[in-house]
Amino acid sequence: MDLTAWVRDTPSWALLLGVVTPLLVALVNRPTWSKPARQTVAVLVAGVLGVLGCLADGSIGEGMTVLQVVSVVAVASHLAYQTVLKHITTPIEEATSPRRDDYELAN
């Protein structure tokens, strides 16, 4: 088994990034935001991670590869969220969001 071939396997990294994306999005999203705002953040984070994945493997100049990687990250992220991570991300969002009473005390 050639380990270097797996390390350079862009689709595998895109899938892995997609599975991790909902956890990263949960750090940014706030429970008080509207659903469209939260979805927009999720899509933007998936897009950024896809582009970063292409930068990491040197395929950033290949437009079709970038589009494929961003798409794989976005779809894998959505599937991971819907099937496994939905109940895990909600407590993360609540734990990383500023509390309203803390905000009121600061002002």
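A short reminder: the numbers here are calculations on the coordinates, not readings from a lab. Treat the numbers as computed from the prediction; the structure is a model and nothing was measured. A quick note on method: Cβ atoms are made from the backbone with ideal geometry, for glycine too, and the neighbour counts reach across all protein chains shown.
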Residues 90, 21 arranged by fewest to most Cβ contacts within 10 Å
90, 21
Taking Cα atoms, how many degrees apart are the long axis of helix 10-28 and the longest axis of the chain, rounded to 10 and kept between 0 and 90?
10 degrees
Computed over the range 4-94, the relative contact order (Cα-Cα under 8 Å, seq sep at least six) in percent reads 45 percent
Taking N as the number of residues in the range 11-96, what is its alpha-carbon radius of gyration divided by 2.2 N^0.38 Å?
1.09
Between helix 63-80 and the chain, what is the angle of the helix's C-alpha long axis to the longest principal axis, kept within 0 to 90° and rounded to the nearest 10?
50 degrees
The chain: most fluctuating residue of 40, 96, 83 per GNM, C-alpha cutoff 10 Å
83
Roughly what angle does helix 35-57 make with the longest principal axis of the chain, taking Cα atoms, 0 to 90 degrees, to the nearest 10?
30 degrees
